[in-house]
Amino acid sequence: MIDRIIKNLFEFEAPDSLGTKIQLRAFEVFTFIYLMIYAWEWAFYIPRLSTVVLPLGLANYIDISFFFNNNISVYNAVLITLFSVYPLLIKKQRWLYAIAAFLFHLQYVARFSQGEIPHSANLVGFSILALGLGAVFFRDKSIRHQLIFAFGFILFYLGLGYTTAAFSKLIATGITWVDGKHLWLWVGEKHIDILSKYGEFQLNWLQELALSSKGIATSVLLFGLFSEFFGFMVWFKKFRWAEIVLLIGLHIGIDLTMNIFFAAFTYQLILMGFPWNRWINRLPSSQNLNKNEFLNHWILFK
Amino acid sequence: MKKEKKLMLIIFLISSILLATHEGEFWPFSIYPMFSQAGNPWSRGLVEDVQDSSRADLWDTKPLHVVEPRTLALKEYGIHEIDFANYISKTKVWDNTKLNGLRSTFQIDNYPGKMWMATRVVGHLTEQDSVVIEAIPMFLFTSDTTIKNPRLFPEELND
């Protein structure tokens, strides 16, 4: 079984084709863009913090408050930028991604030291870590090989994460987790967060529907638990796209019922979960473009 | 594929140890436990924009709908609403460090004449399956003072 999973995660159809190169490189560019968004957004917020309420990750071992009330987070964002833009554009010293991943971890634990444990940036965190691991452990191999490893690594933890989330619910609450009244309580909770953020809150159509009927609220939670439980199906090429459709539906549902939209997560599901490589390879000009020197040298890879 | 398999097993082992020893969270590794405990009472926070501090019900616990029209939009002041909610709902001991931390988050010194009530909001399910939400005033911040709710902190002197 393990061999079957490994084969499904790390074997790409037509690995040297234009479609595979574009999908892998698009994943790398996507990771860089969101890395920059998060690293810089947090960089300008961290100096406002004063105390650590809840230490996460390495903040359990080092006093991360040295990031507060100064510009260390900004300098850290500069380093993260340098250590990721160089391997992205120059395509050399790709092990720098590993340092960027470490510094990004510090940026995260400094930013989220206030009691909140958000997961919206987890997939981007996994992505930069995977790029670093691929570059360090497969440094004698091609960029394509390193990227395929990173891609498979993320798919593994993506599937594992959703399935463990379902197990967390079943262990902590049991099958009654899907009882619609629980959704009512969470809608009330998110009501306060939105009210606190914008000074006003209006129920949307799905929230009104769920609040009007316990059956509908239960159905919403049942769909969510079902989608999460089968998260591990993304490990298998044959079922990946179907599970990804369910997970995208799950995130749209979370957004509509609880006003929590995991933008980066959802976009990355779309980018990684569908066989874009196969679809691109079907384009009539794909074979000619794959031989284009400029494209391979400057934008993709050889 | 041998090297990939070996590396994945090692990383899986390391991540499992990290998760087991850090309550399921070692970023970016996580077991994603959010919303796993269904039906439990919750606690969040909001800030009430107080116009009249001599109001008789200033320090009373109120139903949400009373406070809702006077809720301050934290986004307009660059305050992260979830950080604030966690700060006010998870802090157990309100010593001067914690109170000053909240003041510095608000930066109310930059808004003379404003009076902001840091308010804890709690919600729970009743036996009749309805959701009850109540707002508990905690601290009134002005540009030069911090006043604690005398009903919650009766023994302590206010600044």
Note, region B:97-114: 3J(HN,Hα) by Karplus (6.51, -1.76, 1.60, θ = phi - 60°), whole Hz, Gly/Pro = x, goes 4, 5, 5, 5, x, 5, 4, 5, 5, 6, 6, 5, 4, 7, 10, x, x, 7
Long-range alpha-carbon pairs in region B:3-159, meaning those over 26 Å apart, account in percent for 42 percent
Going through A:Lys169/B:Lys6; A:Lys181/B:Lys62; A:Lys214/B:Lys98; A:Lys91/B:Lys75 one by one, the pairs whose alpha carbons sit over 29 Å apart turn out to be A:Lys169/B:Lys6; A:Lys214/B:Lys98; A:Lys91/B:Lys75
Relative to chain B, whose Cα atoms define the longest principal axis, helix B:81-90 and its Cα axis are tilted in degrees, nearest 10, by 90 degrees
So, for the Cα atoms of region A:122-179, Rg and Dmax in Å stand at 16.1, 53
For region A:182-302, averaging the sequence separation of alpha carbon pairs under 8 Å that lie six or more residues apart and dividing by its residue count, the contact order in percent is 20 percent
Candidate cut points under trypsin sites (Lys or Arg not before Pro) in region A:195-297, DSSP loop plus at most 16 other Cβ atoms within 10 Å of their own Cβ, are A:Arg282, A:Lys291
In order over region A:160-169: 3J(HN,Hα) from phi, Karplus 6.51/-1.76/1.60, θ = phi - 60°, whole Hz, x for each Gly or Pro, gives 4, x, 5, 5, 5, 4, 5, 5, 4, 5
Non-local residues with an amide H under 5 Å from the amide H of B:Ser143, with H modelled 1.01 Å from N and Pro and chain starts lacking one, are B:Gly113, B:Lys114
Per GNM of chain A with C-alpha springs under 10 angstrom, the most fluctuating residue out of A:Ile143, A:Ile80, A:Ile72 is A:Ile72
Label model pair A:Asp16, B:Ser104: point-to-point distance (7 angstrom along the Cα→beta-carbon line) in nm is 5.9 nm
Expressed as a whole-number percentage, the relative contact order of chain B with C-alpha contacts under 8 angstrom and at least six residues apart is 24 percent
Of all GluC sites (Glu not before Pro) in region A:171-264, the ones in DSSP coil with at most 14 other Cβ atoms within 10 Å are A:Glu200
Using the Cα gyration tensor of the protein assembly as shown, the equivalent ellipsoid's semi-axes, largest first and to the nearest Å, work out to 44, 27, 19
Per the rule of 0.36 nm per residue minus the C-alpha distance, extending A:Tyr45 to A:Ile299 adds in nm 88.1 nm
Rounded to the nearest 10, the angle in degrees between the Cα long axis of helix B:2-21 and the longest principal axis of the Cα atoms of chain B comes to 40 degrees
Partner aspartates and glutamates whose C-alpha sits under 15 Å from that of A:Lys190, ignoring same-chain residues fewer than 8 away, are A:Glu116, A:Glu200, A:Glu208, A:Asp255, B:Glu68, B:Glu81, B:Asp83, B:Glu134
What helix-only [θ] at 222 nm does chain A give? Using -39500 (n - 2.57) per DSSP H run of at least 4, over all residues, to the nearest 500, the answer is -22500 deg cm²/dmol
Here the convex hull volume per residue of region A:1-108, taken over Cα atoms and given in Å³, is 135 Å³
By the Kirkwood definition, with r running over pairs of different Cα atoms, region A:248-302 has a hydrodynamic radius in Å of 13.8 Å
Simple spin-label estimate for A:Ala26/B:Asn96, 7 Å along Cα→Cβ, in nm, reads 5.9 nm
So for region A:85-133, using the alpha carbon gyration tensor with a ≥ b ≥ c as root eigenvalues (a/c under 1.5 gives rounded; past that, a/b versus b/c decides prolate or oblate), I'd call it prolate
For B:Val121, other-chain or 5+-apart residues with amide H closer than 5 Å (H placed, Pro excluded) are B:Arg44, B:Gly45, B:Leu46, B:Ile136
For chain A, averaging the sequence separation of alpha carbon pairs under 8 Å that lie six or more residues apart and dividing by its residue count, the contact order in percent is 24 percent
Plugging the Cβ-Cβ distance of A:Val245 and A:Ile90 into 1/(1 + (r/R0)^6) at R0 = 45 Å yields, to the nearest 0.05, a FRET efficiency of 0.75
Only helices counted: for chain B, with every DSSP H run of 4 or more residues adding -39500 (n - 2.57) and the sum spread over all residues, [θ] at 222 nm is -8500 deg cm²/dmol
Those trypsin sites (Lys or Arg not before Pro) from region B:68-159 that are DSSP loop and have at most 13 other Cβ neighbours within 10 Å turn out to be B:Lys92, B:Arg151
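No value in this document is a laboratory result; all are computed from the given coordinates. Everything numeric here is computed off the predicted structure, so don't read it as measured data. Neighbour counts run over all protein chains shown; Cβ positions are idealised from the backbone, glycine included.
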